[in-house]
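Some notes on the structure that comes next.
Quick note: the coordinates plus some simple rules give every number you see, no bench work behind them. These numbers come from a predicted model, not from an experiment. Cβ atoms come from the backbone with ideal geometry, glycine included; neighbour counts cover every protein chain shown.
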């Protein structure tokens, strides 16, 4: 599961940065700060509940297994439950990517983008 989460973290980061970059004119620091709101453990844990009712049984299992993986404590500034929830989401994204289920991966990422508070990350700045 840690490998799935590592791949999922990269997939999520690339997707969010690309969506933000295409949505406006950004300074590098502002783009990074906006992306971090999505890709941090707290941001990802907050996105996971938005998938309720959308996930298939195998996907729910991957999230559960990713969340329950014994990977240590995680970052000092993040509660263990938040860190594990974000790991569950990352594991799901990594699983879909490595399985070649790109349409499903896109569907889930789009659903998160649309359902997230702030309507997709806010405006760029130039």
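Some observations on this one:
- Inter-site label distance for residue 36 and residue 104 at 7 Å from Cα along Cβ, in nm: 3.4 nm
- Across region 2-115, Cα pairs under 8 Å and at least six residues apart give a relative contact order of 42 percent.
- Two numbers describe the Cα atoms of region 26-68: Rg and Dmax, which are 13.7, 41 Å.
- Mean ellipticity per residue at 222 nm, deg cm²/dmol - from DSSP H runs of n ≥ 4 across the chain, formula -39500 (n - 2.57): -22000 deg cm²/dmol
- Acute angle (nearest 10 degrees) that the helix 102-115 long axis makes with the longest principal axis of the chain, alpha-carbon atoms: 60 degrees
- With respect to the chain, whose longest principal axis is taken over its alpha-carbon atoms, helix 80-98 is tilted by about 90°.
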